Amino acid sequence: MSNLKLGVDVVSAHNLMPKDGQGSSSAFVELYFDGQKFRTTIKEKDLNPVWNESFYFNISDPSNLHNLILDAYIYNNVKATHSRSFLGKVSLTGTSFVPYSDAVDLHYPLDKRGIFSRVRGELGLKVYITDDPSLKSSNPHPAVESFLNQDANLAQAHAQTVPNQIPNTISNHRAESRHTFHHLPNPNYHQQQHHSSAPAVSHQATKHGADEMKSEPLPPKIIRMHSASSSQPIDYALKETSPFLGGGRVVGGRVIRADKTASTYDLVEQMQFLFVRVVKARDLPAMDVTGSLDPFVEVKIGNYKGITKHMEKKQNPEWNVVFAFSKDRMQASVLEVVVKDKDLIKDDFVGIVRFDLNEVPMRVPPDSPLAPVWYRLEDKKGERVKGELMLAVWIGTQADEAFPDAWHSDAATPVDSSADISTLIRSKVYHAPRLWHVRVNVIEAQDLVATEKNRFPDVYVKAQIGNQVMKTKTVQARTLCSLWNEDLLFVAAEPFEDHLVLSVEDRVGPGKDEIIGRAIIPLSCVEKRADDRIIHPRWVNLEKPIAVDMDQIKKEKFSSKLHIRVCLDGGYHVLDESTHYSSDLRPTAKQLWKPSIGVLELGILNAIGLHPMKTRDGKGTSDTYCLAKYGHKWVRTRTVVDNLCPKYNEQYTWEVFDPATVLTVGVFDNSQLGGKGSNGNKDLKIGKVRIRISTLEAGRVYTHSYPLLVLHPTGVKKMGELHLAIRFSCTSFVNMLYIYSRPLLPKMHYVRPFTVMQLDMLRLQAVNIVAARLGRAEPPLRKEVVEYMSDVDSHLWSMRRSKANFFRLMSVFSGLFAVGKWFGDICMWKNPITTVLVHVLFVMLVCFPELILPTVFLYMFLIGIWNFRYRPRYPPHMNTRISQAEAVHPDELDEEFDTFPTSKSPELVRMRYDRLRSVAGRIQTVVGDVATQGERFQSLLSWRDPRATAIFVIFCLVAALVLYVTPFQVVAALAGIYVMRHPRFRHRLPSVPINFFRRLPARTDSML
């Protein structure tokens, strides 16, 4: 029997509806789950009751948990009639249940039971799943038993009603959709997706058909090339291709299916590999004089050779290592597996096992893994010797589950082909840690002991989590008590390894601080919240930072205290990347997650014409790998060594929760394969591609060759091309449309928003934490790689980027400028026929003003329908013209690549500072002119210029009298005709209103 239980902590309720006729209620909660019912105690005369009671339900069928519903009903106890009145209910689906470690208190708004129900308030619950065998199922409260007996009919009828709702959840979904909370996807489904994140395991996405790769696949056919502008170089443009993938040939985004069996790897070219699993050996002979043996295995086919680790002094070693040899590169028909003894001078031969490749079986998932077999070792002449080796040999594709962890022949480095270096070149799926915001509210300190008795201490509080340090303002403690009431914000990652260290320090002098007391709080003990409910403050004792005599500690029972609030805010999304290229917008608390709206599939096919990043054996080469990032999931392909046109053919999937997110794919050169000292080298960036999910059509396969454009101090360079296949499959079209009406960020970002400075600081801290955690994986993702993928330097000053943003702004207003120019031509009667038609249309709209808005919306509808024919058929890509990267000055690029703080010479910094001052001076002039015009409007009625204000006031009186007696249509028609009058009736001098406005005073006279 399963020990799995559902734990429900009934915390409290807030702002309940009074139902006893005296402005209050006696509330209690009834819980229904899987045919079981429990009830809390009754809180008399309290509209904000607090229970803090825990209940545990048995889960009869854990596999059916996602179909069950937890119902919590709040009732008012009526003693006089031994009845109860309804106060509200909360329904939670099984998909929102999380483990105890992830559970937090959530306050759910109460829902109505029927149309005529009157409810208000919130119910605080903490719902979690636990498998603790020491917990027993809850029993009904004794006081409740008597109540149940008195109200047996009502309780029995209600108990029969609630279980009947469970199997009808789907049929009643439309009626209950407004009253049911859906926070999380199905845990079983999520677990399946987690296991399927490795590229070898088949995922649960929609199958679009597949076909095995032909022996000689046709090369990708370039259909057409797209360029966002005529000035964009054609070599930098996006190319649409027509490759032959696992599902068939892709033409125009559609897969022309072949006749063979479908496969889950239908977005990549199927590549065949010879897999060799070396499990273990037994009864190996002793080779040394001491009778010991240091065995290792060498797997060799043609010129390719893979080596396992050697085991010291073991005659029955275990390796369990998989080698994968690309079938396209095989130049031999015999596979040799040799067991050798590690020696200082020359390795000794122990035995060999040979295989004919024509007799190796073929395996295609989902076939079961091939069972390893014991093989007798032979000597070089083919005679049997002592010892056996357990092997499994088969031919498979990259869909094989052994593919990600295998040693690959196309990733074999000529520097070192040992098992140690193979960990740096294998493919890997990483999961970034879950990040939390830590909010520390420092309220006050009491009973501070000053280090010097002759002065009042100037104290402040320093809070530290890991490398993050924040300080409050300095306050003079005249009464040995200090008040701050400041919020300090940090970022922490699960599992919580660092502690919160709070220290109260006294500023004795400039640059000299003395610690008065210190407190250490483990983050694992800090309360979590997912909303803006108030966290109860607490007092912490401040301990002396220095060691003192034990007798003195026993004498001193006194200690300073610090009043603080500390919580882990799970209602925010922790930004660990640039806000413009966010790949995930969900809050930290899993209870607030919404169901996924689709699946994103990425096939990393190959790279073409890569730029050499290093020199080996006198020729330029590269050891490249691809890295894709979306949400918490990072995927890394295997490193293809010594190849400027590598073929990866690896496919990955992600769940999509919001279409307004961006997938980032980067290409890097692995600089860690050069032997000793290579760990200090940085992986070099070759380029990256960004793809916004909202620009993809559902179900369409996008196969494009993306130019890898990188900005260098010498200018923009094309480092090669990356060939990708992308498909976005929508699983819930209604949910996707609903997402467009929801806020972009979680609720807490709008209830208690952060400042811009706080967001930038927290984002930098989050990137550093993610880089540190991913750098501890194997193979590690280095810090420079994580920072490049997260665009950590996108907020730094750049003259080029400033120009690009200015021209982007001008492009946005270009339509408005074009309308203004067109209207100017109308007023100047450049085309008399068009001007007359505009006059007629204007008079019609003035006479029938109710047609104005319908006309505007109909016009926009027709423009949208017309533009549908010319809609983009490809994802947007980086544009050198929009980025102002083509004609940028070399000195501006040198300034952009400068470090922060600067490392340039003082003369160069002075020149750049003067240039920045000149640009800022022009901006300052524009801002001043805009302010001047606004102040002139304010001076119309301020009597700063008494004559001008008198003229304007008299004009307003006359205009009011005229407009009272004249219909509005007449005034509007006359004004429009006057504005569009013929040039013969115009003067070259400015009009009277403009002359009057320009003479109004502004506050420029008051400027110093």
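The residues of segment 650-672 that are aromatic (Phe, Trp, Tyr), within 25 Å of Trp593 (Cα to Cα) and assigned to a strand (DSSP E or B), listed by number, are Tyr652, Trp654. Against the list (1) at pLDDT below 90; (2) touching a Lys or Arg at 6+ places or on another chain (Cβ under 8 Å); (3) among the charged types (D, E, K, R); (4) under 30 Å from Pro404 (Cα atoms), the condition Glu494 fails is (1). Of the residues Ile301, Ile307, the single one that is aliphatic (A, V, I, L, M), modelled with pLDDT of 75 or more and open to solvent by less than 10 Å² (accessible area, probe 1.4 Å) is Ile301. Note on segment 691-711: residues that are part of a strand (DSSP E or B), open to solvent by 50 Å² or more (accessible area, probe 1.4 Å) and not basic (Lys, Arg) amount to 1.
When segment 329-352 is limited to residues that are part of a loop (DSSP other than H, G, I, E, B) and closer than 19 Å to Leu274 by Cβ, the one that is most open to solvent (accessible area, probe 1.4 Å) turns out to be Gln331.
Yes/no per residue for (1) at pLDDT below 90; (2) in contact with a Leu (Cβ under 9 Å, 6 or more places away or on another chain); (3) among the charged types (D, E, K, R); (4) surrounded by fewer than 10 Cβ atoms within 10 Å (Cβ to Cβ):
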position	(1), (2), (3), (4)
Thr880	yes, yes, no, no
Phe897	yes, yes, no, no
Phe900	yes, yes, no, yes
Val919	yes, no, no, no
Gly928	no, no, no, no
Ala931	no, no, no, no
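Between Arg873, Arg910, the distinction of being surrounded by 10 or more Cβ atoms within 10 Å (Cβ to Cβ), touching a residue at least 12 places away in the same chain (Cβ under 8 Å) and over 23 Å from Asp791 (Cβ atoms) belongs to Arg873 only. Against the numbered list (1) within 20 Å of Arg986 (Cα to Cα); (2) touching a residue at least 24 places away in the same chain (Cβ under 8 Å); (3) open to solvent by 40 Å² or more (accessible area, probe 1.4 Å); (4) assigned to a helix (DSSP H, G or I), Thr835 comes up short only at (3).
Of the candidates Lys594, Lys633, Lys629, the single residue that is within 30 Å of Phe97 (Cα to Cα), crowded, with 24+ Cβ neighbours inside 10 Å and among the basic types (Lys, Arg) is Lys629.
Considering every residue within segment 370-381, establish whether at least one is within 47 Å of the chain's Cα centre (by Cα), surrounded by 16 or more Cβ atoms within 10 Å (Cβ to Cβ), modelled with pLDDT of 90 or more and closer than 26 Å to Val429 by Cα. No: segment 370-381 contains no residue that is within 47 Å of the chain's Cα centre (by Cα), surrounded by 16 or more Cβ atoms within 10 Å (Cβ to Cβ), modelled with pLDDT of 90 or more and closer than 26 Å to Val429 by Cα. Assessment of segment 637-649 against the conditions (among the hydroxyl-bearing types (Ser, Thr, Tyr) and under 23 Å from Met748 (Cα atoms)) yields no matching residue.
Which strands (runs of 3 or more DSSP E) sit wholly inside segment 192-298 and have at least 1 residues that are in contact with a helix residue (DSSP H, G or I) (Cβ under 7 Å, 6 or more places away or on another chain) and modelled with pLDDT under 75? By residue number, 222-226.
Here is the figure for segment 752-799: residues that are open to solvent by 60 Å² or more (accessible area, probe 1.4 Å), closer than 29 Å to Leu916 by Cα and assigned to a loop (DSSP other than H, G, I, E, B) total 5. You will find that of Lys5, Lys37, Lys19, Lys45, the residue that is more than 34 Å from the chain's Cα centre (by Cα), within 25 Å of Ser134 (Cβ to Cβ) and either open to solvent by 60 Å² or more (accessible area, probe 1.4 Å) or among the charged types (D, E, K, R) (or both) is Lys37 and no other. Taking each residue of segment 942-962 that is free of Cβ contacts under 8 Å to residues at least 60 places away in the same chain and looking for partners that are open to solvent by 100 Å² or more (accessible area, probe 1.4 Å) with beta-carbon atoms closer than 6 Å, six or more apart or interchain, yields Thr949/Trp943.
Of the residues Leu106, Leu31, Leu70, Leu87, which is out of contact with any Pro (no Cβ under 9 Å at 6 or more places or on another chain), within 23 Å of Ala589 (Cα to Cα), open to solvent by less than 30 Å² (accessible area, probe 1.4 Å) and at pLDDT 90 or above? The unique qualifying residue is Leu70. For segment 775-807, filtered to residues that are closer than 17 Å to Arg763 by Cβ and of a type in the set (Gly, Ala, Ser), the residue that is nearest to the chain's Cα centre (by Cα) is Ser790.
Only a single item in (1) out of contact with any Leu (no Cβ under 8 Å at 6 or more places or on another chain); (2) in a helix (DSSP H, G or I) is not met by Arg638, and it is number (2).
Can you pull out the residues in segment 498-527 that are touching a residue at least 24 places away in the same chain (Cβ under 8 Å) and assigned to a loop (DSSP other than H, G, I, E, B)? Once the filter is applied, which keeps residues that are touching a residue at least 24 places away in the same chain (Cβ under 8 Å) and assigned to a loop (DSSP other than H, G, I, E, B), segment 498-527 yields Asp498, Val526.
The values are calculated or read from the model by the stated rules, or taken from the named source; none is laboratory data. Please read these numbers as outputs of a predicted model, since none were measured by experiment. Positions of Cβ are generated from backbone atoms using ideal geometry, with glycine treated the same way; all protein chains shown enter the neighbour counts. We work out accessible area using only protein heavy atoms, side chains counted, and drop any ligands, DNA or RNA first. Shrake-Rupley method; radii C 1.70, N 1.55, O 1.52, S 1.80 Å.
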